Amino acid sequence: MRIDSHQHFWKYDPIEYGWIGPDQSVLKRHYLPDDLEPLLASQRIDGCVAVQARQNLEETDWLLELADQSDLVKGVVGWLPIQDSDFERVLEAYRDRSRLVGLRHVIQAEPDDAFILRPDFNEGISRLENTGLVYDILIFEKHLPPAIEFVDRHPNQQFVLDHIAKPVIRSERFDKKWRQNLIELGRRENVACKLSGMVTEVRDDDWDEALLAPYFDTALEAFGPERLMFGSDWPVCLLRSDYPKWVRCVERVTDSLSKDEQAAIWGGNAQRLYKLAR
C-alpha cells in the first residue's frame with residue numbers, strides 16, 4: 001500500500017490560517033479529501049496521513065471526523081495541549097480514537113528556539129510513551145541541536161522528523177551544518193524522517209532533481225530506507241510544485257533502491273510507525 005505520510009486539509013479562513021501569507025494565494029481556498037482523492041489515484045497512492053495545520057482541539061476533532069468519513073485518510077497527526085497541566089486528562093479523552101496516530105506542535109513558530117526543551121513540554125511528551133502515539137517534530141535546521149537533546153530524553157518514544165528539518169536549499173551553497181546535525185539525529189533509532197516539504201525551502205527561482213539530490217542523499221545516509229517515508233506536504237507544496245511532479249521526483253531519487261526498500265519508503269514505514277489500518 002502506497003501512503004502519502006504528510007498532507008493537510010482545511011476550510012480556508014484568513015483568521016484561522018493566519019500563517020498563510022499575502023503572496024500565497026494558491027493556498028487561500030478549501031482543500032478537502034475530495035480534492036486530494038484524484039491526485040492520489042493518478043499516482044497510485046492508496047491513502048494519506050492528515051497532519052494538523054492549526055493548534056486547537058477543534059482542528060484535531062475535525063480531522064478525525066474526516067478520517068471517520070473517508071477511507072482515504074488512514075490516520076491523523078493532530079494537536080493536543082502537550083505542555084498544559086491537564087494534558088493527561090485531555091489525552092485520556094482521545095484514547096479510543098483509533099485514527100489518531102500522532103501529535104505535533106509547531107515548534108518552528110515558537111519564539112524560543114529552545115522551546116522543545118521546556119520542562120512542561122517534556123513532561124507532556126513523557127505521557128505519550130505507553131499510548132502508541134508518534135510525535136512529529138516540526139523544526140527548522142537551527143533547532144536540530146536542541147531536538148537531538150530532546151530525543152535523548154525520550155529513548156522509548158517514537159519520533160518522526162517532518163520535512164528533513166527544513167534546511168535552506170539553494171544552488172550556490174549546501175548547508176554542511178544541517179547535514180552534520182541530521183546525521184547525528186539519525187543515529188537515534190527511535191527517529192524516522194519524512195521526505196517532504198523540501199520544495200518550499202528552495203530559495204532559487206526554480207528547482208529540479210539535481211538541486212535536491214544532496215538533501216535526499218543525506219536523509220538516506222542518516223536514516224536509511226527503513227526509517228524514511230514519502231510525504232507531499234500538499235497543498236503547501238503547490239507553492240512550488242504540483243503533486244505529480246513531486247511524486248515523480250521522489251520516485252526517481254529512490255529508483256536505485258531495492259524493491260523492498262522502495263516499498264518501505266512509499267508506504268511500509270508509514271504503516272508500521274503510525275500503525276495504520278490497512
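The values are calculated or read from the model by the stated rules, or taken from the named source; none is laboratory data. This is a predicted model, so every value here is computed, not measured. Glycine also receives a Cβ, built like all others from the backbone with ideal geometry; neighbour counts cover every protein chain displayed.
So which residues in the range 30-42 are surrounded by 12 or more Cβ atoms within 10 Å (Cβ to Cβ) and either on the phi > 0 side of the Ramachandran plot or of a type in the set (Asp, Glu) (or both)?
Result: 35, 37.
Please count how many residues of the range 2-16 are farther than 16 Å from residue 247 by Cα and touching a residue at least 12 places away in the same chain (Cβ under 8 Å).
7
Quick one: in the range 1-29, of everything that is in a loop (DSSP other than H, G, I, E, B), touching a strand residue (DSSP E or B) at 6+ places or on another chain (Cβ under 7 Å) and modelled with pLDDT of 95 or more, which residue is surrounded by the fewest Cβ atoms within 10 Å (Cβ to Cβ)?
Among residues in the range 1-29 that are in a loop (DSSP other than H, G, I, E, B), touching a strand residue (DSSP E or B) at 6+ places or on another chain (Cβ under 7 Å) and modelled with pLDDT of 95 or more, the one surrounded by the fewest Cβ atoms within 10 Å (Cβ to Cβ) is 8.
Mind counting the residues in the range 220-253 that are without any contact (Cβ under 8 Å) to a residue 12 or more places away in the chain and hydroxyl-bearing (Ser, Thr, Tyr)?
0
Report whether or not residue 188 is modelled with pLDDT of 95 or more, among the basic types (Lys, Arg) and over 17 Å from residue 109 (Cα atoms).
Yes; evaluated as a whole, the condition is true for this residue.
Out of the residues in the range 179-194 that are of a type in the set (A, V, I, L, M, F, W, C) and in contact with a Ser or Thr (Cβ under 8 Å, 6 or more places away or on another chain), which is farthest from residue 231 (Cα to Cα)?
By that ranking, first place goes to 183.
Inside the range 249-271, can you point out the residues that are part of a helix (DSSP H, G or I), loosely packed, with under 15 Cβ neighbours inside 10 Å and either in contact with an Asp or Glu (Cβ under 9 Å, 6 or more places away or on another chain) or of a type in the set (Gly, Ala, Ser) (or both)?
252
If the Cβ limit is 8 Å and pairs must be 6+ apart or interchain, which residue in the range 28-44 that is under 13 Å from residue 238 (Cα atoms) pairs with which residue that is not in a loop (DSSP other than H, G, I, E, B)?
Partner pairs satisfying both residue conditions: 31/10; 31/234; 36/7; 36/48; 36/234; 39/234; 39/243; 39/244.
Can you report the number of residues in the range 186-208 which are in contact with a strand residue (DSSP E or B) (Cβ under 7 Å, 6 or more places away or on another chain) and either polar (S, T, N, Q) or under 14 Å from residue 158 (Cβ atoms) (or both)?
6
Kindly indicate the residue of the range 202-226 that is among the charged types (D, E, K, R) and in a helix (DSSP H, G or I) and also surrounded by the most Cβ atoms within 10 Å (Cβ to Cβ) among those meeting that condition.
Taking the candidates together, the pick is 226.
Just give me the residues in the range 186-213 being closer than 15 Å to residue 175 by Cα and touching a helix residue (DSSP H, G or I) at 6+ places or on another chain (Cβ under 8 Å), in sequence order.
Within the range 186-213, 198, 201, 202, 204, 212, 213 meet the criteria.
Can you tell me which of 191, 160, 202, 247 is aliphatic (A, V, I, L, M) and farther than 18 Å from residue 266 by Cα?
202
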